[in-house]
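Before any comments, here is the structure.
No lab work stands behind these numbers, since they all come straight from the coordinates. Note that the coordinates shown come from a computational prediction; the quantities given were computed from them, not determined experimentally. Cβ placement follows ideal geometry from the backbone for every residue including glycine, while neighbour counts extend to all protein chains displayed.
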Amino acid sequence: MTVALGLVKKEVPPAPTYKIGDYVWYDTNKNGIQDDGDSGVKGVKVTLTKPDGTTKETITDADGKYVFEGLVNGDYKVAFSNLPEDYEATVTGAGTDASLDSNGLSAEVTIADADDMTIALGLVKKEVPPAPTYKIGGYVWNDADKDGIQSLDEKGVEGIKVTLTMPNGNMKTVTTDADGKYVFEGLVNGDYKVTFSDLPEGYVPTLTGQGTSSELDSNGLNSDITIKDADNMTIDLGIVYDAQLPSTGMSQGIGYILFSLLIISIGMTLISRDRISVK
């Protein structure tokens, strides 16, 4: 009797494979948690670095979802890029449910006999800090000693109109307070002009540019100012009563001058006649 043995190739089952994936969404309330009403973000690039160092790429679909399939056990890295302009990653690790939080722009993932479909990214609109702003201001004072320099015993003048011409040509107006002070706030870098008006009756500007301190002198009725990353609180005006102005010599009204000329003219004529009569 003959006994025969037949051999067949063993069927080796394929190694099991798994998936990594999830969702990119607009975190409209900025809480770092996927909420009802949040919408997915299409077109975000997702890169998977595999255990052997090679990479695979995909992009999120119309619903913000992505997936990498056919993965074996091992350590992986997921990285998100090509975000919509003016958006950035929301807070990570918020809440208590890992399937609903954001993992940030990159995440380390270990596959161990199971899928991981929780690697998500929330996006929020970038916070654009407001442009820094600066101030222009100063002081209007009664320059009692008419030297063009602020003295401790000299008083501020209330109610002076101050007009600021902005770089775009628009104007703002304030009046000096009870201490003679004024200020314009919220100004960006640029070229400005300050104009003082509505002086008290009988008062005129004092001397300008006196002394060595720009913080204590008078700038006159008009000043051009350039703001560049700093305040300028030195645009001041001293005023004096016109009778206090320094004299540059004796002056007379035009009527007095004409009358004097007339008298001189008549006098000369009379003298001429006298001389003729004497002859």
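Here is how the numbers come out for the structure above:
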| quantity | calculated |
| --- | --- |
| Relative contact order computed over segment 51-171 (Cα-Cα under 8 Å; 6+ residues apart), in percent | 19 |
| Relative frequency of Cα-Cα separations exceeding 21 Å in segment 89-168, percent | 64 |
| Dipole magnitude of segment 46-161 about its Cα centre (Cβ charges: Lys, Arg +1; Asp, Glu -1), debye to nearest 20 | 320 |
| Least to most buried among Thr206, Thr175, Thr165 (fewest other Cβ within 10 Å first) | Thr175, Thr165, Thr206 |
| Contour minus Cα-Cα distance for Lys193 and Thr28 (0.36 nm per residue) | 55.1 nm |
| Stretchable slack from Glu215 to Val128, in nm (0.36 nm times residue separation minus alpha-carbon distance) | 27.8 nm |
